[in-house]
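The values are calculated or read from the model by the stated rules, or taken from the named source; none is laboratory data. All figures in this text were calculated on a predicted structure; none of them were measured in a lab. Reconstructed Cβ throughout: ideal geometry from the backbone, glycine too, with neighbour counts over all protein chains shown. Each accessible area value is taken on the protein alone, full model and side chains, heavy atoms only, with ligands, DNA and RNA left out. Shrake-Rupley method; radii C 1.70, N 1.55, O 1.52, S 1.80 Å.
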Amino acid sequence: MSSQGQTLDRRVVITALGIAQILAWGTSFYFPAVFAGPIVADTGWSLGYVVGGTSVGLLVAGLISPQVGRIIDLHGGRPVLLASSLFFAAGLIGIGLSPSLPVYLAAWVVLGVGMGSGLYDAVFAALGRMYGAQARQPITNLTLFGGFASTVCWPLSAFMIDHVGWRTACLIYAGLHLGVALPLQMAVVRAAPAAAPSPEQAAAASSQDETSIANEGLIFVLLALMLSLAAGVGAMVVVHLLIFLQARGVDFTTAVGLGTLFGPAQVGARVVERLFGNRYHPIWTMIGSCALMAIGLVLLLVQFPLLALTILLYGAGFGVSWVGRGTLPLALFGPKRFPQLMGKLAFPTLITLALAPSLGALLIESLGTNTTIGVLTVIALINLVLVGVLWRLCRPRLATGA
């Protein structure tokens, strides 16, 4: 554990990082939900391209994530997280001042660097670097803050757009990254210890880690595939949820009302994980996540009449999956390699997140809504099988408490 994790109260650290996470998610992943319409109305740019800026950002984030993990492993989270605030601010300034669509999309490339260095995966890696094997609870607590990103930023964005316009709103958000997120992260994420292991010590530690897990390569591939499928299915459902609900016979207003249950379901599941997570291995978190997501989609597919229950179950599963993606690699591979592994795991996950909404739209257009729900249900059930295989491979370690 680094000295930074010993000198500051963890509640202070997580609160500061959590506020930064609300701002980071609200001005990137959740940005188009409120901004896309006003941008299209003002500029005449294609809605697909405007919304596609988020995909550009996620693609960039995925591409840089392995290198981000290596930097955090070598130098700690401070340089990466501080840089993320600068890139978020620069990207938002570029969006707010963009005179043309190419400039707008180029600004999303800059914002994507901020996403790759400042969203969950990077912060999880930083927490692993700070707290070592004790990072599970801080990771879980952080996701509680992130779950409120849309709750905070959507109404705030709408208010600012109504009163000062979308361009000025982007500049205000850039100012918040520089004036709020940057100082908070600067205050709580201290410089990593200067002392570094010798090459011989590093090689010995690496050798010990490599021999500590049987079937490590297969476990890593299963974990990467499982997390990517969960993220991809989750992104498709989130983006197209209202379409799926209306296909079940409810009107738009009712669908919007039901959709508001998704956020509280995510946060509620994370609260349960926060309260009881230390009593069981994180693999059970992922098993529960995959099971709830599969059950929710099965209920949606068979047109279960209680749509509210369907959304609550699915939302809970998707919400806690973000906890599992941070805590399970930490538990399986240990804290030493956690930052680099998080970078590697983030690569396929963020690429999948970038492509999933567009792929979902293509499926709906070509196969229809009902068949698309069926395809997503099958993928969710496959993911449940994958996590079962992962559990079986890891069972000897679970039995010994390793």
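List of remarks:
- Carbon plus sulfur fraction of accessible area for the chain, probe 1.4 Å, in percent: 70 percent
- Listed peptides 128-141, 226-239 by packing density, highest first (mean Cβ within 10 Å): 226-239, 128-141
- Solvent-accessible heavy-atom area per residue, rounded to whole Å², over the chain at 1.4 Å: 40 Å²
- Separation of alpha-carbon centers, segment 115-191 and segment 324-402, rounded to whole Å: 24 Å
- Taking the charge dipole of the chain about its Cα centre, with +1 at Lys and Arg Cβ atoms and -1 at Asp and Glu Cβ atoms, the residue from 71, 180, 252 reaching farthest to the positive side is 71.
- As a rough guide to protection, the peptides 315-323, 242-250, 329-337 ranked by mean Cβ packing within 10 Å, highest first, stand as 315-323, 329-337, 242-250.
- Cα-only Debye scattering, segment 318-396: base-10 log of I(q)/I(0) at q = 0.14, 0.17 Å⁻¹: -0.64, -0.86
- Mean projected area (nm²) of the alpha-carbon convex hull when segment 254-402 is viewed from all directions: 9.8 nm²
- Summing Cβ point charges (Lys, Arg +1; Asp, Glu -1) relative to the Cα centre of the chain gives a dipole of roughly 820 debye.
- Using distinct alpha-carbon pairs, which all enter the 1/r mean, Kirkwood radius of the chain in Å: 21.5 Å
- Cα point-scatterer Debye curve for segment 56-141, base-10 log of I(q)/I(0) at q = 0.13, 0.16, 0.25 Å⁻¹: -0.43, -0.61, -1.09
- Note on the chain: dipole from Cβ charges, positive end direction compared against 323, 149, 391; the farthest Cα belongs to 391.
- Highest-first packing order for the peptide set 111-119, 349-357 is 111-119, 349-357, based on the mean count of other beta carbon atoms within 10 Å.
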